[in-house]
2 protein chains.
Amino acid sequence: MTDAPNGAQALIRTLVGAGVDVCFANPGTSEMHFVAALDDVPEMRGVLTLFEGVATGAADGYARMAGRPAATLLHLGPGLGNALANLHNARRGRAPQVVVVGDHARGHKRLDAPLESDIDALAGSVSTWVRRSLTAEDVGADAAEAVAAAARGGVATLVLPADVSWEEGASVAAPRPLRPAPQVAGAVVDEVAAVLGRGEPTVLLVGGDVVASEEGLLAAGQVAAGTGARLLAETFPARTVRGAGLPDVGRLPYPPEMAIAALAGTAHVVLVGAASPVHFFAYPGVPGTPVPDGCAVHVLAEPGEDGVAALRALADAVAPAAEPVLLEAGRPELPTGALTPRSLAAVLGALLPERAVVVDEALTSGVGLAELTSGAPRHDWLALTGGAIGDGLPMAVGAAVACPDRPVVAVQADGSAMYTPQALWTMARERLDVTVVVCDNGSYAILEHELARVGASGGGERAGRLLDLSGPGLDFVALATGMGVPATRATSAEELADQLRAALAEPGPHLVDAVLPGRH
Amino acid sequence: MTDAPNGAQALIRTLVGAGVDVCFANPGTSEMHFVAALDDVPEMRGVLTLFEGVATGAADGYARMAGRPAATLLHLGPGLGNALANLHNARRGRAPQVVVVGDHARGHKRLDAPLESDIDALAGSVSTWVRRSLTAEDVGADAAEAVAAAARGGVATLVLPADVSWEEGASVAAPRPLRPAPQVAGAVVDEVAAVLGRGEPTVLLVGGDVVASEEGLLAAGQVAAGTGARLLAETFPARTVRGAGLPDVGRLPYPPEMAIAALAGTAHVVLVGAASPVHFFAYPGVPGTPVPDGCAVHVLAEPGEDGVAALRALADAVAPAAEPVLLEAGRPELPTGALTPRSLAAVLGALLPERAVVVDEALTSGVGLAELTSGAPRHDWLALTGGAIGDGLPMAVGAAVACPDRPVVAVQADGSAMYTPQALWTMARERLDVTVVVCDNGSYAILEHELARVGASGGGERAGRLLDLSGPGLDFVALATGMGVPATRATSAEELADQLRAALAEPGPHLVDAVLPGRH
């Protein structure tokens, strides 16, 4: 590093100074100075991904586990386009991320070169903060602001013209101070305490920071124990701390009929770090939300506010002496015989290692998974926050980079795995300790359910061909080994248990293709 | 089909009536009624892709070869995000496409469900036409307009709320009349004729419709023969008709130093269906365009205008009796020994079947490819119009669907192949006659060149790791067979010839992994 770094060097040095020292990258020509600068700033770890959605999904998983942003490096508008689906998930889960999008040099913009496109329109659709660095002098300060903006729980996108990257005379900026999460006013806590005091049927719907910390979960359990309120978590929390010794927090189910049943008879829903529940999709003749008519929705803490502190204050107010009901340690017996979603879940529950990070993109194959792992040793659970499939394998990459001493288990639906299969290669390249269990039912099973649920007529052979992954079937063992990840296939519960045990025992990535009933 | 179809049925029926009878789809819940309607309208062929970029890239290749749009079916904002890179290529190549993006039901929009995002911002960045169908009554007419808008050479995006899709009372709309391309005014032809009459060094830079038709190429060759103007094609034309019996039209090279050399000494550039040339990227100290200082740029026909007719009129004016110089039939000898980009090109030149469609995403491995195939039997050539890599395999899918009686040969760089490898599965599913030749050099070789070209310092080991696809190497034979495509590996020119011959002789998809010198 010289005294007068170029823009790229100042940018990377500023990021590192602000604690952003991992960059998931898929660079192109306009990012070559950034790439070259990695040799000047060895504190920044560059992780190559072969597709941009892997980079942003990895940063999503990284942020959820590390509690701070990673950077991603993308190439122009098309690179950002490829990255958008997992930026959508990061946005929905409030996972911080600093996206650096290389752009044409300033003087090249007006020439409408073939790769010219509207980067700002794309960035604006997923970012809480967007800036274009217009001079090398500014890029350090811009980067420091980007980190600060991301730290407030969002995607911060810095557009970096190639010549700003290569110009000298840039300067490194000091990190901006981190602002703690906003506190909930005491009057709000008092109002919610009064609601709980009425003794009417109440659901405490928790999410965000509450389910991501022991303290939050214990406070929630204390309120529930002391007031009789029912405790539920949002459907797809970004990160949940789980396992024996913690309160049993069920999640609001995804299927609308089950979500409606879960909230039936409720007079009050109190939100703590969770949004007011709505169905993922609209269905003919079904209301858009499972909240019953006449049920009042109260907000103790918005997502992004300090929900844990608010809940602690609430517990002190309404249930100072209550003890939360805690889950006892307990694992299911190892099942035998046919492999089904439930026996798959039981194998996982029986074998889940201590301090595992579970990345859950199992979709329909995940039935029973939460229940059968709830008494397992303490672990973290990452769910698909925004519903954009293809975040599972990338998040596993990022979680493993963030937590190199913890085993990562990705429970991955087969159809969804095919949106970002390139993540497997990065697992191999970086020798990440990830065990992927593919829930291989040979179909978009969730769409088969949805086709019926929306009441679509037809569903004949031609429609069925669009929901069916057979003819040819996908060979996940071949796909994984083709990207350097050792893989095996399990066709019974016993085989799955044996293969999962072996995969968990050996460092580095492994894939187990769990063949479930389906359309093979 | 009932008398009162629902929105989805009316939409599909309208598309089919307007000649859009292929839909490359990656649907989700909000598109289930569209999927169900495929059973009601058997004239529409639904082709499942496992990733949205495959769908839009396939539609790009389809449109280039069929001369009319296919439809694509995408799921909400994240699905459109995944599709954007190849929509960018379609936009840059003026390839028509009707994009149908399913959205939440109208009443569900304000609930900010997890998959809610700004679809319009994304659609606007790549589309010449965007509309949201707001009632089932309108959807037929909207679809007819979408087809008409696309036919003018662009991406037309119709956002389809789920409830508009499922509501009954829709009606099928008649196709809108196709408008022929705008004609170039006679005065413009006269002006260009006067320029050519001066006898100064002139380059006729052709693209778009001119290089896609024999008539255009012959007229261009006639002008060149009669005036001494040099004939060059734009760097990445959407479709070029090539081979023995046609004029030899070299392409303006991609590398800036070569493009500058190609235009050095030119006093006039006459554009016919091509944009004024600019470098793909800016480089320190290099002007943004290869057009020399003082060289005048004249526009005979803008892209989208009838360049062929303008060129015919120009030929009649300036060279009525001239005969274009035509390429004689000729193939390179089959090479032996080491596999290099040049021997790979020679094998392709020697074996390219008649009426082949070549999809070229070979990037740095494509050196020599144009030269060594120029005397081959008549074929079509599809290039990477917008520079967004990952269009090659998908375009091959679309070209094969458009031309089921023609062999498709995809010459595909390895790094680029990994953006949309899912295309291989659709080739197998649809039993498409595609032969993929992977140019396997184990690196992002183009970026190694670019790193040097932009003058980036460094390029040390850590930078190199971001340009290098080894550790682990990608096994394309395993990847292809994992998706149902038979595959072999060639490590010498003889093996490549044998395997290519075998692949071409057998119907259905094949992949040949051509191992080139590189970083394995």
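Any read-out appearing in this document is the output of simple, stated calculations on the displayed coordinates, not a laboratory observation. Not measured: the values here are computed from a predicted model. Cβ sites come from the backbone with ideal geometry, for glycine too, and all protein chains shown count toward neighbours.
Only bridges with both residues in the protein assembly as shown count here: give the DSSP antiparallel percent, nearest 5. Display every interim value, and only then the final one.
On the way: 12 of 139 bridges.
Of the beta bridges lying entirely in the protein assembly as shown, close to 10 percent run antiparallel.
Per DSSP H run of n ≥ 4, the term is -39500 (n - 2.57); total these for chain A, divide by its residue number, and report the mean residue ellipticity at 222 nm rounded to 500 deg cm²/dmol. Walk me through the numbers on the way to the answer.
Working: 20 runs with 195 residues, N = 520.
Using -39500 (n - 2.57) per qualifying helix, the result is -11000 deg cm²/dmol.
Whole-Hz ³J(HN,Hα) for each residue in segment B:354-364, computed from phi via Karplus 6.51 cos²θ - 1.76 cosθ + 1.60 with θ = phi - 60°, x for glycine and proline: what do you get?
Result, ordered by residue: 4, 6, 5, 10, 9, 9, 10, 10, 7, 6, 5 Hz.
Give me the percent relative contact order of chain A, please, defined on Cα pairs under 8 angstrom at least 6 residues apart. Walk me through the intermediate numbers first.
Numbers: 1280 pairs, mean separation 74.5, N = 520.
Once normalised by length, the contact order is 14 percent.
Within 10 Å of each Cβ in peptide B:102-110, how many partner chain Cβ atoms are there on average? Round it to a whole number, please.
On the way: counts 0, 0, 5, 6, 1, 3, 8, 2, 2.
Going residue by residue through B:102-110 and averaging, the value is 3.
Given H placed on each backbone N at 1.01 Å, which residues far from residue B:516 in sequence or on other chains put an amide H within less than 5 Å of it?
Amide H to amide H, under 5 Å and 5 or more residues apart or across chains, residue B:516 pairs with B:440, B:441.
May I ask for the distance between the Cα centers of segment B:234-287 and segment B:10-52, given as a whole number of Å?
39
Which of the peptides B:319-330, B:293-304, A:159-170 is most tightly packed, and how do the rest follow, going by the mean number of other Cβ atoms within 10 Å of each residue? Each step should come with its number before you reach the end.
Values: B:319-330: 13.1, B:293-304: 17.5, A:159-170: 23.5.
So the order, starting with the most tightly packed, is A:159-170, B:293-304, B:319-330.
Between residue A:152 and residue A:261, take the C-beta separation as r, use R0 = 30 Å, and let me know the FRET efficiency to the nearest 0.05.
On the way: r = 36 Å, r/R0 = 1.21.
Calculated transfer efficiency: 0.25.
Inside 10 Å of the C-beta atoms of A:504-514, what's the mean count of C-beta atoms belonging to other chains? Walk me through the intermediate numbers first.
Values: counts 0, 0, 0, 0, 0, 0, 0, 0, 0, 0, 0.
Shielding by partners across A:504-514 averages 0.
In whole angstrom, how far apart do the alpha carbon centroids of segment B:397-449 and segment B:322-390 sit?
Distance between centres, Cα-based: 15 Å.
May I ask you to derive the relative contact order of segment A:341-515, considering only C-alpha pairs under 8 Å and at least 6 residues apart, and to give it as an integer percent? Kindly include the intermediate steps, with their values, before the conclusion.
Working: 326 pairs, mean separation 40.3, N = 175.
Reported relative contact order: 23 percent.
On average, how many beta carbons from a partner chain sit within 10 Å of the beta carbon of a residue in A:152-164? List each step's numbers first, then the result.
Working: counts 0, 0, 0, 0, 0, 0, 0, 0, 0, 1, 5, 4, 0.
Mean shielding count: 1.
So, by mean Cβ neighbours within 10 angstrom, what's the order for A:178-184, B:471-477 with the highest one leading? Could the numbers behind the result be given before it?
On the way: A:178-184: 13.3, B:471-477: 20.1.
In descending order of packing, they fall as B:471-477, A:178-184.
If amide H atoms are built 1.01 Å from N in the plane of the peptide, which residues on other chains or at least 5 residues away come under 5 Å of the amide H of residue B:45?
B:22, B:23
Hey, can you rank B:215-224, A:51-60 by average C-beta count inside 10 Å, highest first? Show your work: numbers first, answer last.
Values: B:215-224: 25.2, A:51-60: 34.0.
Final packing ranking: A:51-60, B:215-224.
Let me have the relative contact order for segment B:1-102, percent, based on Cα pairs under 8 Å that are six or more residues apart.
Values: 174 pairs, mean separation 29.6, N = 102.
Once divided by the residue count of segment B:1-102, the mean separation gives 29 percent.
For residue B:230, what residues show an amide H to amide H distance below 5 Å, using hydrogens built from the backbone and excluding near sequence neighbours?
Distant-sequence amide H within range of residue B:230: B:202, B:203, B:204.
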